[in-house]
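Participant: Below you will find the structure I want to go over with you.
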Amino acid sequence: MKKIPYGRHDITNEDIQAVIDILKSDWLTQGPNIKLFEDAFAEYIGCKYAVAVSNGTAALHLCTLALGVQKGDKVITSPITFAATANCVRYAGGEVIFADIDPETYLIDINAVRKLLEAEPMGTYKGIIPVDFAGRAVNLEEFRKLAEENGCWIIEDACHAPGGYFKDSFRIKQNCGNGNFADLSIFSFHPVKHIAAGEGGMITTNNESLYKRLLNLRTHGIQQDPSKKQYDHGVWYYEMQELGYNYRLTDIQAALGLSQLKRATEGIERRCEIAKNYFEEFRNKNFIVRQSGDIEGHAYHLYVIEINNRTELVNYLRTKNIWAQVHYVPCHLMPYYRQFGWKEGDLPHAEEYYNRCLSIPIYPSLNESEQAFVIDTIKAFYNN
Ligand SMILES: *Cc1c(COP(=O)(O)O)cnc(C)c1O
């Protein structure tokens, strides 16, 4: 049996040709494919503006800069996420406050966030970074209300959820990253995510002034709008107005992302089928404490099962060449964050989840017999 990872990319001949075409063109970076990719992505998500950047972490960093995070600013996020979600606050000198998860959804618990906000004077917390963990959309309508009551901004980490949605209080579908509730949303095009570009990221928003600021920050803080220049020395003149970075995406990556985007809807459909199948196969099994389920609007970047004897199961699966993975080691228990006083027992739901969670293979090219093998192997381990 060939190796079955928890997730993997899927490259077609059309994707390869799209990259080759760029290599033969005049632009390897800062060419026409960036805007084409941004526009197509904005249309797919249903937002006004999209800014392509070098990776998801750079996207998060630019968001904290555009929103003006300063030294000492407190920002709330989930401990069950990739470290980059928290780290972007630190890049800007801010302080990360973790709020516990809801044990049923694995998403940041709005009541835990509310409790933090209510315990301190207004203005203590500057922002909230909810994560559409595993591909399940956070109900951002509720978070928007809470954020507004407390003068906070929202950055939605939607890396797991392009194509995911929740239904709002009017039962209207709200796509992850559509800009209706979050100030800014971010996505990643790392090969393990839904859309692979090698490396890559995207920021989406409906806010024009944040959009323009992000365009400048992506390229060293050089003003991209000619009418906003303070001086004019001639046709060659460019003007750096604030400290930015080189967080550009190459046209090679944008072409690959654009080609992959055409199959995004198909990919989600396949992910949902795989998820439904796991859910049915495991629903009445006594070795399953909880599982991701069959949930409307879930983009199924990951399929999580909660089980006992996880270490033994992981090791057993490896002997069968199934590479399940744990998502995530809670951020607050990383040595880096422990130095700020975080410790075991601070976030009991996140820690209990961490003790039992396992992400089992889910990706569009996982075929039926491979999935059946994964299911049978897990059942065999538990003699079930
Ligand atoms: C992948 C990921 C990131 C970082 O994206 P990169 O493109 O790898 O920098 C941030 N947050 C979450 C939730 C992710 O899964």
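Participant: Starting from 0 in steps of 5 Å, tell me what percent of the Cα-Cα pairs of the range 246-318 lands in each bin.
Facilitator: Here the calculated profile for the range 246-318 is 3, 14, 16, 16, 15, 11, 10, 9, 6, 1, 0.
Participant: Could you pull the Rg and Dmax for the chain, using just the Cα atoms, both in Å?
Facilitator: Cα radius of gyration and Dmax of the chain are 21.3, 77 Å respectively.
Participant: How many percent of all Cα-Cα pairs in the range 223-372 sit more than 23 Å apart? Walk me through the numbers on the way to the answer.
Facilitator: Values: 6675 of 11175 pairs.
Across the range 223-372, Cα pairs with separations above 23 Å total 60 percent.
Participant: For each of Y354, Y231, Y382, count neighbouring Cβ atoms within 10 Å of the residue's Cβ, then give the residues from fewest to most.
Facilitator: Numbers: Y354 19, Y231 6, Y382 14.
The fewest-first ordering by Cβ neighbours comes to Y231, Y382, Y354.
Participant: Same structure again: Can you give the calculated 222 nm mean residue ellipticity of the chain, where each DSSP H run of n ≥ 4 adds -39,500 (n - 2.57) and the sum is split over every residue, rounded to the nearest 500 deg cm²/dmol? Let's see the in-between values first.
Facilitator: Working: 13 runs with 143 residues, N = 384.
Taken over the chain, the calculation gives -11500 deg cm²/dmol.
Participant: Give me P(r) over the range 1-61, computed from all C-alpha to C-alpha distances, binned every 5 Å, as integer percentages.
Facilitator: Percent of Cα pairs in each bin: 4, 13, 15, 20, 23, 14, 7, 4, 1, 0.
Participant: Using the per-residue mean of other Cβ atoms lying within 10 Å as a proxy for protection, in what order, highest first, do the peptides 279-285, 221-227, 84-90 fall?
Facilitator: Working: 279-285: 14.1, 221-227: 12.3, 84-90: 23.0.
Peptide ranking by packing, descending: 84-90, 279-285, 221-227.
Participant: Further question on the same structure: Okay, which of the range 1-44 sit inside 18 Å, backbone N to the point 7 Å along the Cα-Cβ direction of S369?
Facilitator: Only 1-5 fall inside the zone, counting backbone N under 18 Å.
Participant: Which of C357, C272, C176 comes first, and how do the rest follow, when ranked by fewest Cβ neighbours within 10 Å?
Facilitator: Details: C357 23, C272 20, C176 29.
Starting with the residue having the fewest Cβ neighbours, the order is C272, C357, C176.
Participant: What do you get for trypsin sites (Lys or Arg not before Pro) in the range 194-255 restricted to DSSP loop and a cutoff of at most 15 other Cβ within 10 Å of the site's Cβ?
Facilitator: Values: sites: K212, R213, R218, K228, K229, R248; in loops: K229, R248.
Here the trypsin sites (Lys or Arg not before Pro) that fit, given the DSSP loop and packing criteria, are K229.
Participant: Further, regarding this structure: Give the span of the range 280-363's Cα atoms along each principal axis, as three whole-Å numbers ordered largest to smallest.
Facilitator: 42, 34, 26
Participant: Ok, one more. Using a simple charge model, +1 on the beta-carbon of Lys and Arg, -1 on the beta-carbon of Asp and Glu, nothing else, what dipole does the chain show about its Cα centre, in debye to the nearest 20? Let's see the in-between values first.
Facilitator: On the way: 40 positive and 48 negative charges, 112 e Å.
Its charge dipole is roughly 540 debye.
Participant: With a sphere of radius 12 Å drawn around the Cβ of L217, what net charge do the other residues whose Cβ falls strictly inside it have (Lys, Arg +1; Asp, Glu -1)? Walk me through the intermediate numbers first.
Facilitator: Details: positive: K212, R213, R218, R248; negative: E242.
Here the count lands on +3.
Participant: Still on this structure, I have one more. With the convex hull built on the Cα atoms of the range 106-213, state its orientation-averaged projected area in nm². Can you show the working numbers first?
Facilitator: Numbers: hull surface 29.9 nm².
Average projection, Cα convex hull of the range 106-213: 7.5 nm².
Participant: Ok, one more. Using DSSP to call loops (not H, G, I, E or B), can you name the chymotrypsin sites (Phe, Trp or Tyr not before Pro) in the range 157-186 whose Cβ has at most 13 other Cβ atoms within 10 angstrom? Spell out each step's value before the answer.
Facilitator: Working: sites: Y165, F166, F170, F181; in loops: F170, F181.
Of the chymotrypsin sites (Phe, Trp or Tyr not before Pro), the ones in loops of the range 157-186 whose Cβ has at most 13 other Cβ atoms within 10 Å are F170.
Participant: Return the tail of the calculated pair distribution for the range 203-301, meaning the percent of Cα-Cα pairs more than 21 Å apart.
Facilitator: Details: 2986 of 4851 pairs.
Value for the range 203-301: 62 percent of Cα pairs lie more than 21 Å apart.
Participant: Would you be so kind as to identify which of C152, N206, F98 lies farthest towards the positive end of the dipole of the chain, taking Lys and Arg as +1 and Asp and Glu as -1 on Cβ and the Cα centre as origin?
Facilitator: The residue sitting most towards the positive pole is F98.
Participant: Any idea how far apart N315 and D376 come out in nm if each label point goes 7 Å out from Cα toward Cβ?
Facilitator: 2.5
Participant: Which net charge results for the neighbourhood of R338, defined as the other residues with beta-carbon distances under 11 angstrom from its beta-carbon, given Lys and Arg at +1 and Asp and Glu at -1? Don't jump to the answer; show the numbers that get you there.
Facilitator: Values: positive: K343; negative: E344, D346.
Result for the local shell: -1.
Participant: A further question follows. Rounded, prolate or oblate: which one fits the range 1-105, using the alpha carbon gyration tensor with axes a ≥ b ≥ c (rounded when a/c is under 1.5, else prolate when a/b beats b/c, else oblate)?
Facilitator: Details: a/c = 2.42, a/b = 1.47, b/c = 1.65.
The shape class here is oblate.
Read-outs: derived from the displayed coordinates by stated rules, not from any lab. Quick caveat, the model's predicted, so the values are computed rather than measured. Using ideal geometry, Cβ is built from the backbone for each residue, glycine included, and neighbour counts are taken over all protein chains shown.
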